[in-house]
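A short write-up of the structure that comes next.
Each reported figure results from applying straightforward, stated rules to the coordinates on display, with no laboratory input. Everything numeric in this text was worked out from a predicted model, so none of it was measured. As a convention, Cβ positions derive from the backbone with ideal geometry for all residues, glycine included, and neighbour counts pool all protein chains shown.
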Amino acid sequence: MSNSKKKIILITGASRGFGFQAALKLAKKGVHLIITARTLGALEDLSDKVLAAGSTVTVAPLDLCREKDFQIVARTIYEKFGGIDILVHSASSAIPMTPIETIQKNEIVNFFNNTIITQRVIQMIDPLLKKNANCLALFIQDNNRYRNKKFLGIYNATRTASREIIAAYAAERKRLSPTVLTFDPKPMPTKIRATLFPGEDKVKLSTCEIEAEKMVKFISSFL
């Protein structure tokens, strides 16, 4: 795709929180957004707002845990657009504060879904990104500012695993495309954070809107 055409941006986890606000901010740039999440109703609401902001949009309901569904969506994107310019991977599942000794084997697998999905997103979307000479894979991360905190061991373990996968991907693509970056927003009052820190004073937090605006500035050279 040439730069004369609209940038095509795929956003995961776009139905609420940071992903929702990221889509709204990017919509002001005159791009084409492919918005994904599990909740169709929320995506339709976002779609109306994207169109009102002057961009175009494709709604793609998707549960990233369903590999075959993900394959269908990736193939559809290729058939319709030939590739994408930017990936914003914002989707994430909540992990509650949990004492290490109480975690069961089946829970370990579920808790590491975020890590599994990170690798799956790379596997599915990398071929689409390599269709463009100047493209970006952006991963929204929490860079483990809670290290060695009680009841956060499994949360930190999953985040560290995801971060290492992304770092390896970035190193492997250093002289190739896509450019691989991470963006670490300040703590925001999201549903995921409420699960991790119930009862937290939200006044001390940033907002999804503010952090999404920062993200757009961070990737401005790719837009």
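In order along segment 156-173, the Karplus-derived 3J(HN,Hα) couplings, from 6.51 cos²θ - 1.76 cosθ + 1.60 at θ = phi - 60°, round to 5, 5, 5, 5, 4, 4, 5, 4, 5, 4, 5, 4, 5, 4, 4, 5, 5, 9 Hz, and Gly and Pro are given as x. Between the amide H of Ala137 and those of Leu87, Thr179, Val180, Leu181, distances stay under 5 Å, these residues lying 5 or more places away or on another chain, with hydrogens modeled in the peptide plane.
Measuring how big segment 1-90 is from its alpha-carbon positions, Rg and Dmax come out at 12.1, 35 Å. Using Cβ point charges alone (K and R +1, D and E -1), the dipole size of segment 8-222 about the Cα centre works out to roughly 460 debye.
Each peptide in 41-49, 88-96 was scored by the mean count of other Cβ atoms within 10 Å over its residues; highest first, the order is 88-96, 41-49. Angle, helix 208-218 long axis vs. longest principal axis of the chain, Cα atoms, 0 to 90°, nearest 10? It works out to around 50 degrees. Taking the Cα centre of the chain as the origin and placing charges on Cβ (Lys, Arg +1; Asp, Glu -1), which of Ser90, Ala170, Asn113 is farthest toward the positive end of the dipole? Of the candidates, Ala170 comes out farthest on the positive side.
Put simply, the convex hull of the Cα atoms in the chain casts, on average, a shadow of 12.4 nm². Rounded to the nearest 10 degrees, the inclination of helix 67-81 to the longest alpha-carbon principal axis of the chain is 20 degrees. Longer than 19 Å from Cα to Cα, which of Lys5/Lys28; Lys6/Lys174; Lys130/Lys174; Lys29/Lys49; Lys105/Lys149 are they? Say none if no pair is. Listed pairs above 19 Å: Lys6/Lys174; Lys105/Lys149. All Cα-Cα distances of segment 111-216, cut into 10 Å bins from zero to the largest, leave 13, 39, 34, 12, 2 percent in each bin in turn.
For the chain, take the longest principal axis of its alpha carbons; what is the angle in degrees between that and the long axis of helix 113-129, to the nearest 10 within 0 to 90? Taking Cα atoms only, the helix is inclined about 10 degrees.
Around the Cα centre of segment 11-78, unit charges on the Cβ atoms of Lys, Arg, Asp and Glu (plus for the first two, minus for the last two) sum to a dipole of about 220 debye. A straight Cα-to-Cα reach below 16 Å connects Lys202 with the lysines Lys186, Lys191, residues fewer than 8 places away in its own chain not being considered.
The simple Förster model, with R0 at 45 Å and r as the Cβ-Cβ distance, assigns Ile100 and Asp69 a FRET efficiency of 0.85. With the highest mean first, a sort of the peptides 178-187, 97-106 on other beta-carbon atoms found within 10 angstrom per residue produces 178-187, 97-106. Entry note, segment 8-222: relative contact order of 22 percent, from Cα contacts under 8 Å with a spacing of 6+ residues.
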